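The values are calculated or read from the model by the stated rules, or taken from the named source; none is laboratory data. Values in this document were obtained by computation on a predicted structure and should not be read as measured data. We place every Cβ from the backbone using ideal geometry, glycine too, and count neighbours over all the protein chains shown. Heads up: the accessible areas ignore ligands, DNA and RNA and are worked out on the full protein's heavy atoms, side chains in. Shrake-Rupley method; radii C 1.70, N 1.55, O 1.52, S 1.80 Å.
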Amino acid sequence: MNNRYQTPGLSFDVLKLKYKVIKLRNNLTGILTSILKRRDAGTSLTSMEMTMLTKQGFSEIETHDYPSSNPLYQILTKVESGGELNQVDIDWLTKERLFETIAFIRTEQEQKTQIKNQLDILKKQYKISTYLDYNCDILLLQILKNIQNLRTLSDSEVNWLKTKNLVQPLEIYQKQELQKLARQQEIEERKKATEFSQLKLKYKATKHEDSSLSSPLYPILIKMDRGKQLIASEIEWLKNNRLFYSLEIYQKRESERIAREQEAEKKRKAEKHFYELKVKYRVNSWDSSIPNRLYLILCKIDKGELPINSDITWLKSQDFSNLTAHVEKMQHLTELKIKYKAAQHQDTSPSSHLYKILKQLETSKRLNTQDGEWLKKQQLLETFAIFQEREAVHRDELSQFKDKYKASKHQDSSGSNKLYKILQKLESKQKLIQVDIDWLKKHGLTDTIAIAEELQEQKHFVALKSKYQATQYEDLSLSSPLYQILKKLDSGKQPSNAEVNWLSKHSLNQVIEIAKERESQKHFTSLRAKYNVSDYKDKSPYSNLYLILQKLDRQERLEATDVAWLTENELLYPNEKITIEYHKIEAIFYEQEFYRTKNGWNLPSASSHWRKADESQTALKLTDNLDWDMVKDKKLKSALLTTRGGAYRDIQQLNKAEKCAKGAIEYQPESHHPYTLMGAICYERGQYLEGDSWFNEAIKRGANPRDMDSEIKRVVRNAKNENKRREVVEYLLKKDPSRYAWAKAYLKKPQNQSL
């Protein structure tokens, strides 16, 4: 802030804030006043506070160089010391346009007058002749009003009266307080007497004649009414004074209280038990109030009892998935116990060892010897007999597997050995893990390994046939040419011509199509990476983008529809690889056309495309050795100078660019292109008003305002200096914040990032 009245000195600073000479937001005035006072008192300020003082135009340290000859200082000090404004003061303040200061001083003086008048009346009433300053007058007025309205004063207010030796109001106040205290005590006594009478009536003790508040009965009845327990001596006193009705009421209440406590304890234990059951059975959030249906069901389950059907239905409806699963396991265990003749076993828990054994029997999994011994120990002999039958079946099955998978030389016929598990895997067409292979090698079962590998290869062949849509080919032998072709294709390699012919001969055209599509997909992926468009959403080789990238990669010109498609899909941004390649191909085309046809208009087109391909030096070379005297067409000469000037602008040779632009204007003053170039050159130089003038001339000659905005955006985007970028952005936003709203983003973005 640049304040015209500011001079060093704390008093002057504070006065100017107080009397509205310095205009700040209301919430800042109080903060700054506090900081200034702390500064003047010698208190160290924080860096934030010092910054605030400096920002608002104040000194960071106290000074005593007060300008006593300054009229403003004289006026403010006079007013602050209680003086009145005279006409000379008012005229001076008016001349300086300090109208808020005049209004503030007048308001303060009116308030002082009102306070003085009110205080004079009260001072006469309370016989006070002492003169105090303005701030003390305000406090005294407030205290006297409080005394007058019989309000209680704070300790600090009473002490203040004492320090000022204001005896009369202090005595009046103290007398009032004593009277208030006496009235309060009298009211309290009456309330207690009334309360005592009501309690005697409530607890049937009216025959006790002593109604004084010092009677032992009064505190006893209060304790009873508040639900507190009486001590033995108080109960004895009631008996001795024959207050049996009161004692009966008390004893009845005590019995009810004890019953409630017992019920609460019972409920607490039930709630604790409920919580433990919920944790045990992994029941999620649920109301823990007791009793409820869930608690009863959990208790039943915990005892090993199956819930009834309606309870099970209710659990499912409430989505207690863990608990429902537990109950279903209990049901399953019950069914298995009946099926495998183990119903006499009492354990119904799904975690029991019996459930584990029965599930293995149900799924035809083998039991070990220890499981069989456990069944015998539990006297589950019928279940043990079933176990033995199963073992015999397993031994027969192992013998068949050994013959089938050439493992007969392994002599162990026990159904529990490692070989049985491996052969089961082969039978179910599972892939053997390395541990299995190592075990077979260790025991010399190389034929079994060979069969396992062949089975796995056949499984792989079937999967490949399905994957590459060749299921109509029935031959599954691993020597089939199809298997070799599919493996090759699956590894990312393309089939040879001979292999393609073989596929075609056997009507496996789908495989050929998939191979072609794979190759196209691979090629498309490499082209998208090459031209920096890997993020484009359509990854299919049938995409328009693939056809366009192929053309660019073959250095072919794009059709107008191709360019329109790239623009519509936002793939033709400046300085992007795909854009540069497109313009480079176009530039070469127009350059070759010029040499073929000698048509001079091909040169501006070639130059424009070289510039857009970020090769402005190449664009300049086109016209470096041009014989300008041989160019008779003024429009062509203007176009050539304009594009040459644009190339000079690209490489920041702005003086040469300006010379070309003005030459172009001379040859074709009605063309808007050189005017647009001049506007852009001025913006590059920071001459924004002059640039706007050139842009306006371009618009008068038919230029589209959007083209002007594009040139300006290019200046902002390509600015190498962050300060220059900020300068032009601030100018644009000040000029038209709506039209140039896009510029806000450049205040936050790094300079190498474009929109």
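General remarks:
- Of Lys95/Lys734; Lys441/Lys465; Lys37/Lys127; Lys612/Lys724, those spanning more than 28 Å from alpha-carbon to alpha-carbon: Lys95/Lys734; Lys441/Lys465; Lys37/Lys127
- The chain: Rg to Rh, with Rh as the Kirkwood radius over Cα pairs: 1.22
- Per-residue ³J(HN,Hα) for the range 300-312, Karplus 6.51 cos²θ - 1.76 cosθ + 1.60, θ = phi - 60°, Hz, x for Gly and Pro: 5, 4, 5, 7, x, 9, 6, x, 6, 4, 5, 5, 5
- Dividing the Cα radius of gyration of the range 162-294 by 2.2 N^0.38 Å, with N the residue count, gives 1.87.
- The label-point distance for Phe99 and Glu570, in a model that sets each label 7 Å from Cα toward Cβ, rounds to 5.3 nm.
- For the chain, the residue among Ile580, Leu622, Thr194 whose Cα projects farthest onto the positive side of the dipole built from Cβ charges is Thr194.
- Accessible surface of the chain, 1.4 Å probe, proportion on carbon and sulfur as whole %: 50
- For the range 198-250, the Kirkwood hydrodynamic radius from C-alpha pairs, put into Stokes-Einstein at 20 °C and a viscosity of 1.002 mPa s, yields a diffusion coefficient of 196 µm² per second.
- The 3J(HN,Hα) values that the Karplus relation (6.51, -1.76, 1.60; θ = phi - 60°) gives for the range 154-159 are, in residue order, 6, 4, 5, 5, 5, 4 Hz. Gly and Pro appear as x.
- Rg and Dmax [Cα atoms of the range 72-124; Å; Rg one decimal, Dmax integer]: 13.1, 43
- With the simple model of a label 7 Å out from the Cα in the direction of the Cβ, Asp538 to Lys598 spans 4.6 nm.
- Normalised contact order of the range 640-747, rounded percent, pairs of Cα under 8 Å and 6 or more residues apart: 18
- Efficiency of FRET between Ala529 and Glu556 - r from beta-carbon atoms, R0 22 angstrom, step 0.05: 0.65
- Gained length - Glu513 relative to Lys300, 0.36 nm times residue gap less alpha-carbon distance: 70.1 nm
- In this structure the range 647-755 gives 55 Å² per residue of accessible area when probed at 1.4 Å with all protein chains present.
- When you work out D = kT/(6 pi eta Rh) for the range 131-228 at 20 °C and 1.002 mPa s, using the Kirkwood radius from C-alpha pairs as Rh and the Stokes-Einstein form, the result is 126 µm²/s.
- Subtracting the Cα-Cα distance of Glu186 and Thr324 from 0.36 nm times their residue separation leaves 42.6 nm of extension gain.
- The chain, dipole about Cα centre (Lys/Arg Cβ +1, Asp/Glu Cβ -1), debye to the nearest 20: 1280
- Rolling a 1.4 Å probe across the protein heavy atoms gives the range 220-373 an accessible surface of 63 Å² per residue.
- Semi-axis lengths (Å, descending) of the ellipsoid that matches the C-alpha gyration tensor of the range 628-708: 20, 15, 9
- Debye intensity ratio I(q)/I(0), log10, the range 473-617, q values 0.09, 0.12 Å⁻¹ (C-alpha model): -0.45, -0.65
- Charges were assigned to the Cβ only: +1 to each Lys and Arg, -1 to each Asp and Glu. The resulting dipole of the range 124-238 about its Cα centre is roughly 320 debye.
- Think of the chain as having a plus end and a minus end, set by charges on the Cβ of Lys, Arg, Asp and Glu; of Ile249, Ile222, Gln344, Ile249 sits farthest toward the positive end of this dipole.
- Counted residue by residue at 0.36 nm each, then reduced by the alpha carbon distance between them, the extension gain from Cys136 to Arg257 reaches 37.4 nm.
- Relative contact order of the chain, defined on C-alpha pairs under 8 angstrom at six or more residues apart (%): 3
- From the largest down, the range 86-166 spans 49, 23, 22 angstrom on the principal axes of its Cα atoms.
- The chain: calculated mean residue ellipticity at 222 nm from DSSP helix runs of at least 4, using -39500 (n - 2.57): -21500 deg cm²/dmol
- Each of the peptides 197-207, 111-121 was scored by the mean count of other Cβ atoms within 10 Å over its residues; in descending order, highest first, they stand as 197-207, 111-121.
- Positive-end residue of Thr107, Gln484, His353, charge dipole of the chain with Cβ unit charges: His353
- Average accessible surface for the range 117-175: 64 Å² per residue, computed with a 1.4 Å probe over protein heavy atoms with every protein chain in place.
- Per principal axis, descending, Cα span of the range 579-686 in whole Å: 40, 33, 22
- Working note: Cα gyration tensor of the range 659-752, eigenvalues times five, square-rooted, sorted largest first, giving semi-axes of 25, 14, 10 Å.
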